[in-house]
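Here the structure is laid out as structure tokens; the discussion comes afterwards.
The values are calculated or read from the model by the stated rules, or taken from the named source; none is laboratory data. Just so we're clear, the structure is a prediction, and the values are computed from it rather than from any experiment. Cβ: placed from backbone, ideal geometry, glycine included. Neighbour counts: every protein chain shown. Surface accessibility is based on the protein's heavy atoms, side chains included, excluding ligands, DNA and RNA. Shrake-Rupley method; radii C 1.70, N 1.55, O 1.52, S 1.80 Å.
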Amino acid sequence: MKKLLLSLTLLTGFALALKAGDTGTSFEQLLSRITPAGAPAAAPAPATAKAVLPALQPDGYYWVTVQAADKYARTRLLEAGMDIVEIHKDKVSGFAHANTLKLLSVNKAMLVESVIPVMDYLSAVNKDFPAADAAYHNYAETTSLLKDMASKNSDIASVFSIGKTTEGRDIWCLRINSSAKGASVKSEKPGAFFLGNVHAREHLADEVPLLLAAWLMDHRKDADIKKYIDTLDIYIVPMGNPDGVEYDIKTGKYQSHRKNTRINPDKSVGVDLNRNFDSWWCQQGASHSTWADTYCGPSAFSEPESKALKAFMEARKNLKTHISYHSYASEILYPWGGSDEDVPDQKDKAAFIKLAGEMGKLTGYSPIKSSEMYIATGDSCDWAYAEGKILAFTFELEGNSFYPGASIITKTVNSNIKAAVYLLSMTADPYK
Ligand code: 0X9
Ligand code: ZN
């Protein structure tokens, strides 16, 4: 389940040091720049205001705790526009716009336990922002690392853009394949697709696929890795939502931004890209309200980023396996997420359970059907499986905040590389 935290205990005292002059891009060099400093600090517990709402700023965002006994109650909260971040036994916490709180206040079945302005919440939990920025990779750094990897390994790697974002940034993809390069050369080899950072503030979800790419390049001569590079068609898009990422960090203080940066008609910012895919689009667990964190957009695939991912996957019928990295819950989710049902194909269902279980052993994450977390329609993995029969997993990485500090990167990346390499080992025949 999402974080079972009854109070916030945060690893915010860790700072990062970017060693002067250390500009290499190998996996070990990238990790060596992450230097923990300082001790963990505890955030103050939020004030409680049981079922009494404070004066709300009309466009304010809040960190709220609401009673919710089961996944159906959680699903209703998503529909009211709440972004559920932590799931406890009988309550949930997360972000909510003032309008969501008004909706909850008229629904007596949904008891709001506490409300604090989001900036107060963030300043309590994020004491290490400036240093954390140094270790996490922004768009320019991610782009330059991918290009560097491709140029240093040009016999097996190439980089190309899968399309432009709302603001015109390229969404970069590293392709690893010993016999096919670039965007347009097709390959008959079985394909694996690793995607990160579709949700802007989930910065750890860029680090995992980016450092996976660096690790694969460093280990390209290892017998098993060489075999995968020779026999598979591997794609890595570490940053699926570059505009959102840059929006989240551009002031030097995190904005807790989840969506892309489309300007909606009411001037609110963003569509939730993981509600914008055409898989039961904007039914359960999604919101039609522009201000909501779970806003599904004006129509399925209305957004350049989700359109680019759709076109990318549709053009590659060889794709067999897929991970979309998110944070944070320490879970490995498999379809369906938009329906309570199991996938109808028994062979696929068995493969989902087996692969999620094995990857769970390697990461320590819990393997569950996505809808057991909550039912949310329009998600990318449901679509990838429904349309392309791609065995698609959502990884909810570890942590106890969207901004867990840099000390978490090394362990998270290392265990997730094991899971990703396992998935590569199964990509030629996921049913074996
Ligand atoms: O809500 C989401 O999009 C994902 N969680 S996150 O905290 N990273 O935002 C979970 C998607 C899982 N899919 C479904 N339950 N459909
Ligand atoms: Zn996410």
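Structure data summary
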| quantity | calculated |
| --- | --- |
| Residues of segment 331-359 satisfying the condition of being assigned to a loop (DSSP other than H, G, I, E, B) and either away from ligand 1 (no atom under 12 Å from the Cβ) or of a type in the set (Phe, Trp, Tyr) (or both) | Trp336, Glu341, Asp342, Val343, Pro344, Asp345 |
| Verdict on Glu86 being in a strand (DSSP E or B), open to solvent by 10 Å² or more (accessible area, probe 1.4 Å) and either at pLDDT below 85 or over 30 Å from Phe160 (Cβ atoms) (or both) | no |
| Complete set of residues in segment 385-399 that are more than 15 Å from ligand 2 (Cβ to nearest atom) and of a type outside the set (D, E, K, R) | Tyr385, Ala386, Gly388, Ile390, Leu391 |
| Segment 89-102: number of residues that are surrounded by fewer than 21 Cβ atoms within 10 Å (Cβ to Cβ) and either within 14 Å of ligand 1 (Cβ to nearest atom) or not small (Gly, Ala, Ser) (or both) | 5 |
| Subset of segment 279-292 (residues that are farther than 24 Å from Gly168 by Cβ and either touching a residue at least 24 places away in the same chain (Cβ under 8 Å) or polar (S, T, N, Q) (or both)) | Ser279, Trp280, Trp281, Cys282, Gln283, Gln284, Gly285, Ala286, Ser287, Ser289, Trp291, Ala292 |
| Residue in segment 356-364 that is within 16 Å of ligand 2 (Cβ to nearest atom), touching a Phe, Trp or Tyr at 6+ places or on another chain (Cβ under 7 Å) and either open to solvent by 40 Å² or more (accessible area, probe 1.4 Å) or of a type in the set (Phe, Trp, Tyr) (or both) present | no |
| Residues of segment 314-341 that turn out to be farther than 27 Å from Gln255 by Cβ and open to solvent by less than 10 Å² (accessible area, probe 1.4 Å), as a count | 6 |
| Residue count for segment 257-311, restricted to those that are within 16 Å of ligand 1 (Cβ to nearest atom), acidic (Asp, Glu) and farther than 22 Å from Trp63 by Cβ | 3 |
| Selection count, segment 369-378, where residues are more than 6 Å from ligand 1 (Cβ to nearest atom) and in contact (Cβ under 8 Å) with a residue 60 or more places away in the chain | 4 |
| Enumeration of residues in segment 130-173 that are in a helix (DSSP H, G or I) and without any contact (Cβ under 8 Å) to a residue 12 or more places away in the chain | Ala140, Glu141, Ser144, Ser151 |
| Residue in segment 253-274 that is assigned to a strand (DSSP E or B), open to solvent by 10 Å² or more (accessible area, probe 1.4 Å) and over 19 Å from Val118 (Cβ atoms) present | yes |
| Scan of segment 319-339 for residues that are within 16 Å of ligand 2 (Cβ to nearest atom) and among the hydrophobic types (A, V, I, L, M, F, W, C), ordered by number | Ile323, Ala329, Ile332, Leu333 |
| Residue list for segment 177-217, filter: within 13 Å of ligand 2 (Cβ to nearest atom) and either outside any loop (DSSP other than H, G, I, E, B) or outside the structural domain of Ser144 (by TED's automatic domain parsing) (or both) | Leu195, Gly196, Leu204, Ala205, Asp206, Val208 |
| From Pro238, Pro265, residue being more than 16 Å from ligand 2 (Cβ to nearest atom) and either in contact with a strand residue (DSSP E or B) (Cβ under 6 Å, 6 or more places away or on another chain) or without any contact (Cβ under 8 Å) to a residue 60 or more places away in the chain (or both) | Pro265 |
| Checking Phe402 against (1) assigned to a helix (DSSP H, G or I); (2) open to solvent by 10 Å² or more (accessible area, probe 1.4 Å), the condition it does not meet | (1) |
| Residue in segment 182-190 that is small (Gly, Ala, Ser), in contact with a strand residue (DSSP E or B) (Cβ under 9 Å, 6 or more places away or on another chain) and open to solvent by less than 30 Å² (accessible area, probe 1.4 Å) present | yes |
| Residue among Asp248, Asp233 that alone is of a type outside the set (Val, Ile, Thr), assigned by TED's automatic domain parsing to the domain that holds Met149, within 15 Å of ligand 1 (Cβ to nearest atom) and buried (at least 23 other Cβ atoms within 10 Å of the Cβ) | Asp248 |
| Pairs, first within 13 Å of Ser187 (Cα to Cα) and modelled with pLDDT of 95 or more in segment 300-320, second of a type in the set (Phe, Trp, Tyr) and buried (at least 16 other Cβ atoms within 10 Å of the Cβ), C-beta under 6 Å, six or more apart | Leu319/Phe193 |
